[in-house]
Amino acid sequence: MRLTRRTFLGSAAATLALPRVGHAAVEELRPSPVNLQILPPDYPTTDVWGYGGMPGPEIRLPQGARLDRRLVNGLAQPTTIHWHGLRLPNAMDGVAGVTQDSVAPGGSFDYGFDLKDAGTYWYHPHDRSYEQVGRGLAGALIVTEADAPEVDRDEALVLQDWRMQPTGEMVEDFGALHDMAHAGRIGNYVTANGQSYIARDLPLHARLRLRLINAASARIMQIVHSGFAGWTVAEDGHPLEAPVALPDVLVLGPGQRVDVIVDVAATGDATAYLGLIEGDSAAVLYEVTPTSAERDAALAAPAPLPPNPLPPLGDLAAARAAEVRIEGGAMGGMTAARADGVERPMQDLVEMGLVWALNGAAGMPDAPIATVSPGETLRMPLINDTAWPHVMHLHGHPFRVIDGDRPAGPWRDSVLVMPDTRTEIAFRAEEPGDWLFHCHMLDHSASGMMHWVKVA
């Protein structure tokens, strides 16, 4: 694999800002237009949308603390804030038209809830997400453990994907039908923490906890590494039962997160890096030049992170199942679907901007996938009858991939379902309310892949 530095169009290198650990909590989150240096310094600045900067201010609070933030809308269109991956009261979930009214320009909304689970989460709009996230609205939410692992540096990396012109302007084709019907809006430039490439000097054997957040609206990130010895310790915020050796390629779908603990192991003139696969090369995201060692040898392998207080799945053999069939898109066989309660041919659906369906419904249907009681376990077989991968995200409830009657993966809130495959998940219902279930390729959800589960 060929390693390259940042070149503009066609590369995906990124740079990391310094972490904002220990900074004073921000009382307001104010989305608004802002002009920033998104491209490298020798390119013009870009008009983006941000919560004061790019990305939004990192929120870092201890497990068990209360999060209180006021959304003050500085945009010219309505917006909300969704707290991605958290278990929280339904009224705080931030879904326009489902859990709350959208916040009009100039309006405000107060969010407040307790942080039940430690881990890496993020926040973003849930009204016109395909545009608002694509314009830059995203931020990291880190909930720290009381008994955190020993590391020399702990930082969150918010990865964002942009469709840019060399003149510094963003391509203004949000919601294009071609994107909706194919892989979604894939850009030509990737940043981490809103900036371009940066090198970092750290001691040999330094231990880092890197929290990778895929905040892109559609791009599946494939991240490679060299010069690090490391372990994956958490996915979608939740600890693995035991750390596992870092794979050659970390695959993160939109909305997904992974926590890795890595030791700087490069020696001689070599550097350690994380890179994003682009064709036959890996563009540098994060590079460390080792300096003289602060310790004689690497630390021992990390212990598992403390588990979150999640309810057990229960008896999977006795659990009810509700199938979800994914249909539509380019090269798909969907010829009709229900929209607004009416069965419509594909031509009519396309005119309505609907090209995907879940269980034969294009767009948010009146009836849920299932109605479950608090404490009940629901199995959801996901059948992808399309030519495209989809990241299916359930709000408010972590789930596990299952194989037969046993779990086959860690707790998570989003799962990548490949074309022509079947993946089964299961979750234990908790908070009452209407909980969204949708594709986190945000063009796909906007054009039909939106459903819900009722807990009542």
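The values are calculated or read from the model by the stated rules, or taken from the named source; none is laboratory data. No experiment lies behind these values; they were computed from the predicted model shown. Note that each Cβ is placed from the backbone with ideal geometry, even for glycine, and that neighbours are counted across all protein chains shown.
Would you be able to say whether some residue in the range 371-394 is in contact with a Cys (Cβ under 7 Å, 6 or more places away or on another chain) and either farther than 23 Å from Gly253 by Cα or among the hydrophobic types (A, V, I, L, M, F, W, C) (or both)?
The initial filter retains those residues of the range 371-394 that are in contact with a Cys (Cβ under 7 Å, 6 or more places away or on another chain), namely 390-392.
Next, only the ones that are either farther than 23 Å from Gly253 by Cα or among the hydrophobic types (A, V, I, L, M, F, W, C) (or both) stay: 391-392.
Scanning the range 371-394 turns up at least one residue that is in contact with a Cys (Cβ under 7 Å, 6 or more places away or on another chain) and either farther than 23 Å from Gly253 by Cα or among the hydrophobic types (A, V, I, L, M, F, W, C) (or both).
Being more than 15 Å from Pro381 (Cβ to Cβ) and surrounded by fewer than 21 Cβ atoms within 10 Å (Cβ to Cβ) is the filter here, so list the residues in the range 418-429 that pass it. Walk me through it before giving the result.
If we filter the range 418-429 for residues that are more than 15 Å from Pro381 (Cβ to Cβ), which is where we start, we get 419, 428-429.
If the condition is that a residue be more than 15 Å from Pro381 (Cβ to Cβ) and surrounded by fewer than 21 Cβ atoms within 10 Å (Cβ to Cβ), then Pro419, Arg428 are the ones that fit.
Quick grid of which residues meet (1) in contact (Cβ under 8 Å) with a residue 40 or more places away in the chain; (2) surrounded by fewer than 15 Cβ atoms within 10 Å (Cβ to Cβ):
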{"position": "Ala293", "(1), (2)": "yes, yes"}
{"position": "Leu310", "(1), (2)": "yes, no"}
{"position": "Asp315", "(1), (2)": "yes, yes"}
{"position": "Glu327", "(1), (2)": "yes, no"}
{"position": "Gly333", "(1), (2)": "yes, yes"}
{"position": "Val342", "(1), (2)": "no, yes"}
{"position": "Pro345", "(1), (2)": "no, yes"}
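Residue-wise test of (1) assigned by TED's automatic domain parsing to the domain that holds Leu208; (2) farther than 30 Å from Val190 by Cα; (3) at pLDDT 95 or above; (4) not basic (Lys, Arg).
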residue: Gly275; (1), (2), (3), (4): yes, no, no, yes
residue: Ala282; (1), (2), (3), (4): yes, no, no, yes
residue: Leu299; (1), (2), (3), (4): no, yes, no, yes
residue: Ala337; (1), (2), (3), (4): no, yes, yes, yes
residue: Glu343; (1), (2), (3), (4): no, yes, yes, yes
Item to complete: Look at Val34 and say whether it is surrounded by fewer than 19 Cβ atoms within 10 Å (Cβ to Cβ), within 22 Å of Trp162 (Cα to Cα) and either at pLDDT 95 or above or not assigned by TED's automatic domain parsing to the domain that holds Ala192 (or both).
Response: yes
Fill in: Qualifying position, being of a type in the set (Val, Ile, Thr), more than 23 Å from the chain's Cα centre (by Cα) and closer than 21 Å to Val95 by Cβ, among Val415, Val391, Val372, Val342
Val372
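Just give me the residues in the range 252-291 being free of Cβ contacts under 8 Å to residues at least 40 places away in the same chain and among the acidic types (Asp, Glu), in sequence order. Talk me through it step by step, then tell me what you get.
Kept after step one, since they are free of Cβ contacts under 8 Å to residues at least 40 places away in the same chain, are these residues of the range 252-291: 268-269, 279.
Answer for the range 252-291, where residues must be free of Cβ contacts under 8 Å to residues at least 40 places away in the same chain and among the acidic types (Asp, Glu): just Asp269.
From the list Gly396, Gly333, Gly353, exactly one residue is in a loop (DSSP other than H, G, I, E, B) and within 22 Å of the chain's Cα centre (by Cα). Which is it? Quick ask: steps written out before the conclusion?
Numbers: Gly333 fails: within 22 Å of the chain's Cα centre (by Cα); Gly353 fails: within 22 Å of the chain's Cα centre (by Cα).
Every option except Gly396 fails the conditions.
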Worksheet item: If Pro247 passes every condition in (1) over 18 Å from Ala192 (Cβ atoms); (2) of a type outside the set (Asp, Glu); (3) crowded, with 18+ Cβ neighbours inside 10 Å but one, which one does it miss?
Response: (3)
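When you go through Gly112, Gly94, Gly53 one by one, which is the residue that is out of contact with any Phe, Trp or Tyr (no Cβ under 9 Å at 6 or more places or on another chain), assigned to a loop (DSSP other than H, G, I, E, B) and not hydroxyl-bearing (Ser, Thr, Tyr)? Spell out how you get there, then give the answer.
Numbers: Gly112 fails: assigned to a loop (DSSP other than H, G, I, E, B); Gly94 fails: out of contact with any Phe, Trp or Tyr (no Cβ under 9 Å at 6 or more places or on another chain).
One residue alone meets the criteria, Gly53.
Just to be sure before I move on: is Gln77 buried (at least 23 other Cβ atoms within 10 Å of the Cβ), within 28 Å of His182 (Cα to Cα), among the polar types (S, T, N, Q) and not assigned by TED's automatic domain parsing to the domain that holds Pro398 in the structure I sent?
On the way: buried (at least 23 other Cβ atoms within 10 Å of the Cβ): no; within 28 Å of His182 (Cα to Cα): yes; among the polar types (S, T, N, Q): yes; not assigned by TED's automatic domain parsing to the domain that holds Pro398: yes.
So Gln77 fails the test.
Hey, does the range 280-291 have a residue that's in a loop (DSSP other than H, G, I, E, B) and crowded, with 23+ Cβ neighbours inside 10 Å? Outline the logic, then answer.
Taking the range 280-291 and keeping what is in a loop (DSSP other than H, G, I, E, B), we get 280.
Now drop any that are not crowded, with 23+ Cβ neighbours inside 10 Å, which leaves none.
Within the range 280-291, none of the residues are in a loop (DSSP other than H, G, I, E, B) and crowded, with 23+ Cβ neighbours inside 10 Å.
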Worksheet item: Hey, Asp236 hits all of (1) crowded, with 23+ Cβ neighbours inside 10 Å; (2) over 24 Å from Ala138 (Cα atoms); (3) not small (Gly, Ala, Ser) but one; which does it fall short on?
Response: (2)
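Can you go through Pro345, Pro309 and tell me which one is more than 19 Å from Asp385 (Cβ to Cβ) and either of a type in the set (A, V, I, L, M, F, W, C) or out of contact with any Leu (no Cβ under 6 Å at 6 or more places or on another chain) (or both)?
Numbers: Pro345 fails: more than 19 Å from Asp385 (Cβ to Cβ).
That would be Pro309, the only listed residue that is more than 19 Å from Asp385 (Cβ to Cβ) and either of a type in the set (A, V, I, L, M, F, W, C) or out of contact with any Leu (no Cβ under 6 Å at 6 or more places or on another chain) (or both).
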Worksheet, complete the sentence: Exception for Val190 within (1) β-branched (Val, Ile, Thr); (2) touching a residue at least 24 places away in the same chain (Cβ under 8 Å); (3) surrounded by fewer than 20 Cβ atoms within 10 Å (Cβ to Cβ) falls at (3)
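Of all the residues that make up the range 365-388, how many are surrounded by fewer than 18 Cβ atoms within 10 Å (Cβ to Cβ), touching a residue at least 12 places away in the same chain (Cβ under 8 Å) and either over 16 Å from Met449 (Cβ atoms) or touching a strand residue (DSSP E or B) at 6+ places or on another chain (Cβ under 8 Å) (or both)? If you could, list the steps in order and put the result at the bottom.
First, the residues of the range 365-388 that are surrounded by fewer than 18 Cβ atoms within 10 Å (Cβ to Cβ): 366-368, 371, 373-376, 381, 383, 385, 387.
Those still in the list that are touching a residue at least 12 places away in the same chain (Cβ under 8 Å) too: 366, 368, 371, 373-376, 381, 383, 385, 387.
When the remaining residues are screened for being either over 16 Å from Met449 (Cβ atoms) or touching a strand residue (DSSP E or B) at 6+ places or on another chain (Cβ under 8 Å) (or both), the result is 366, 368, 371, 373-376, 381, 383, 385.
Residues flagged as surrounded by fewer than 18 Cβ atoms within 10 Å (Cβ to Cβ), touching a residue at least 12 places away in the same chain (Cβ under 8 Å) and either over 16 Å from Met449 (Cβ atoms) or touching a strand residue (DSSP E or B) at 6+ places or on another chain (Cβ under 8 Å) (or both) within the range 365-388 amount to 10.
For every residue, the table says whether it meets (1) in the same structural domain as Arg66 (by TED's automatic domain parsing); (2) in contact with a Gly (Cβ under 8 Å, 6 or more places away or on another chain); (3) assigned to a loop (DSSP other than H, G, I, E, B).
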{"site": "Asp147", "(1), (2), (3)": "yes, no, yes"}
{"site": "Glu150", "(1), (2), (3)": "yes, no, yes"}
{"site": "Gln160", "(1), (2), (3)": "yes, yes, no"}
{"site": "Thr167", "(1), (2), (3)": "yes, no, yes"}
{"site": "Phe174", "(1), (2), (3)": "yes, yes, yes"}
{"site": "Asp179", "(1), (2), (3)": "yes, no, no"}
{"site": "Arg185", "(1), (2), (3)": "yes, yes, yes"}
{"site": "Val190", "(1), (2), (3)": "yes, no, no"}
Worksheet item: How many residues does the range 319-334 hold that are out of contact with any strand residue (DSSP E or B) (no Cβ under 7 Å at 6 or more places or on another chain) and either within 21 Å of Trp452 (Cβ to Cβ) or at pLDDT 95 or above (or both)?
Response: 1
